[in-house]
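Here is the structure we will look at, set down as structure tokens.
Values quoted throughout were computed directly from the atomic coordinates according to the rules given, and no laboratory measurement underlies them. What you see is a predicted model, and the numbers here were worked out from it, not measured in a lab. Virtual Cβ from ideal backbone geometry, glycine too; neighbours counted across all protein chains shown.
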Amino acid sequence: MKEHRLRHRIARGFRENLAPGIVLWCVALGLVLVYFFVPATRAFFERIAALKTRGGYAFAAVSTAICGGLLPFLYLLGAHRIPRNECWKQGLFYILFWAYKGMEVDAFYRLQGLVFGDTGTAPVIIKKVLVDQFIYNPFWAAPSLAVIYAWKDGGFSAAALRQAFSRDLFTFTIPAVLFSTWFVWAPTVAIIYSLPVPLQVPLFNVVLCFWVLALNILARHQQTTA
């Protein structure tokens with residue numbers, strides 16, 4: 001019964017993520033192609049890279065808090081999908097969580113660069129994608145994200161946090177999320193790793209913002225047409 005439910009959830013995840021995934025690929029690939037093949041934009045990208053280099057983890061925290069936290073929160077708030085009595089709690093959650101996540105991703109990208117090198121060659125990119133999607137994602141990124149969002153959805157209560165650590169989390173929720181998002185994010189992180197290291201976090205932020213907004217817009221459309 002659970003296997004059937006898992007297959008159904010994975011299939012539904014593929015359908016739900018297909019359109020946002022195509023948007024994500026187009027945005028990421030478009031920016032990378034502009035960087036490599038439109039010389040007039042090189043100065044702009046170099047300024048972004050310089051800002052990231054000077055700002056370090058602070059740049060990663062602030063930019064990811066805005067792109068992954070503040071902008072999606074403002075969209076959800078405008079769409080009336082956040083209760084008024086939880087506005088400040090959820091706003092603070094989105095900003096602080098994604099500020100931390102930006103520093104975490106930055107540290108992970110730096111570690112990948114130290115281990116595999118900073119060149120955008122195919123062997124280096126493949127190694128980084130494999131570690132990203134099949135070690136970092138299933139053993140840390142996906143479980144921690146599932147738990148922290150279950151805590152948020154449960155009203156930030158200790159009971160919700162304890163309930164998040166259930167067997168169902170590891171046998172259903174995380175596998176369903178992983179299988180339904182791998183086909184989207186594996187090509188996306190390959191595109192990200194093709195850029196120089198100082199531009200990887202900025203590109204991650206851009207595609208993250210489009211990804212979260214696209215999923216929320218799609219979810220709202222499905223609710224209004226249901």
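Here the dipole of the chain is about 360 debye; that uses its Cα centre as origin and unit charges on the Cβ of Lys and Arg (positive) and Asp and Glu (negative). Determine, from the Cβ-Cβ distance of residue 111 and residue 165 and an R0 of 22 Å, the FRET efficiency 1/(1 + (r/R0)^6), rounded to the nearest 0.05. Efficiency, rounded to the nearest 0.05: 0.25. As a rough footprinting exposure proxy, the listed residues 115, 212 were ranked by other beta carbons within 10 Å of their own, and the order from fewest upward is 115, 212.
Each of 144, 194 was scored by other Cβ atoms within 10 Å of its Cβ. Listed from fewest to most, they are 144, 194. Spin-label model, residue 37 to residue 126: label points 7 Å out along the Cα-to-beta-carbon direction sit 2.4 nm apart. If you take all other residues with their beta carbon under 12 Å from the beta carbon of residue 95, and give Lys and Arg +1 and Asp and Glu -1, the sum is +2. Remark: region 86-96, residue by residue, has Karplus-estimated 3J(HN,Hα) of 10, 4, 5, 4, 5, x, 5, 4, 4, 5, 5 Hz, where x stands for each Gly or Pro and the curve is 6.51 cos²θ - 1.76 cosθ + 1.60 at θ = phi - 60°. Here region 13-92 is treated with +1 on each Lys and Arg Cβ and -1 on each Asp and Glu Cβ, and its dipole about the Cα centre works out to around 140 debye.
Using only alpha carbons, the chain has a radius of gyration to Kirkwood radius ratio (Rg to Rh) of 0.97.
When you work out D = kT/(6 pi eta Rh) for region 119-195 at 4 °C and 1.567 mPa s, using the Kirkwood radius from C-alpha pairs as Rh and the Stokes-Einstein form, the result is 95 µm²/s. Of all the options 159, 28, 60, the one that moves most in a Gaussian network model of the chain with Cα springs shorter than 10 angstrom is 159. Legend: residue pairs 52/127; 101/127; 89/128, Cα-Cα distance threshold 29 Å; pairs beyond threshold, 89/128.
Computed from backbone phi, the HN-Hα couplings of region 126-138 come to 4, 4, 5, 5, 4, 5, 4, 7, 10, 10, 4, 5, x Hz, rounded to whole numbers (Karplus: 6.51 cos²θ - 1.76 cosθ + 1.60, θ = phi - 60°; Gly and Pro given as x). Springs join every pair of Cα atoms under 10 Å in this Gaussian network model of the chain, and among 71, 29, 111 the largest mean-square fluctuation is at 111.
Only Cα pairs under 8 Å and 6+ residues apart enter the sum, and on that basis the relative contact order of the chain stands at 38 percent. Packing around the peptides 147-156, 200-209, taken as the average count of other Cβ atoms within 10 Å per residue, puts them in this order, highest first: 200-209, 147-156. Remark on the chain: 26, 87 stand apart, with no other cysteine beta carbon under 4.7 Å. Dipole size of region 119-195 about its Cα centre, with +1 on Lys/Arg Cβ and -1 on Asp/Glu Cβ: approximately 100 debye, rounded to the nearest 20.
Estimated at 0.36 nm per residue, the fully extended path between residue 74 and residue 182 surpasses their Cα-Cα distance by 36.2 nm. When only alpha carbons are used to place a centre, region 41-111 and region 112-186 end up 18 Å from one another.
Report, in degrees rounded to the nearest 10, the 0 to 90 angle that the Cα long axis of helix 174-193 makes with the longest principal axis of the chain. With rounding to tens, the tilt is 10 degrees. Choose one of 59, 113, 94: the residue whose Cα lies farthest towards the positive end of the charge dipole of region 39-121 (beta-carbon charges +1 Lys, Arg; -1 Asp, Glu; about the Cα centre). Working it through, the farthest residue towards the positive pole turns out to be 94. Here the 3J(HN,Hα) profile of region 62-72, calculated from phi with Karplus coefficients 6.51, -1.76 and 1.60 at θ = phi - 60°, is 5, 5, 6, 4, 6, 6, x, x, 5, 5, x Hz, Gly and Pro shown as x. The angle between the Cα long axis of helix 2-37 and the longest principal axis of the Cα atoms of the chain comes to about 20 degrees, rounded to the nearest 10. The slack between residue 53 and residue 81, meaning 0.36 nm per residue of separation minus the straight C-alpha distance, is 6.4 nm.
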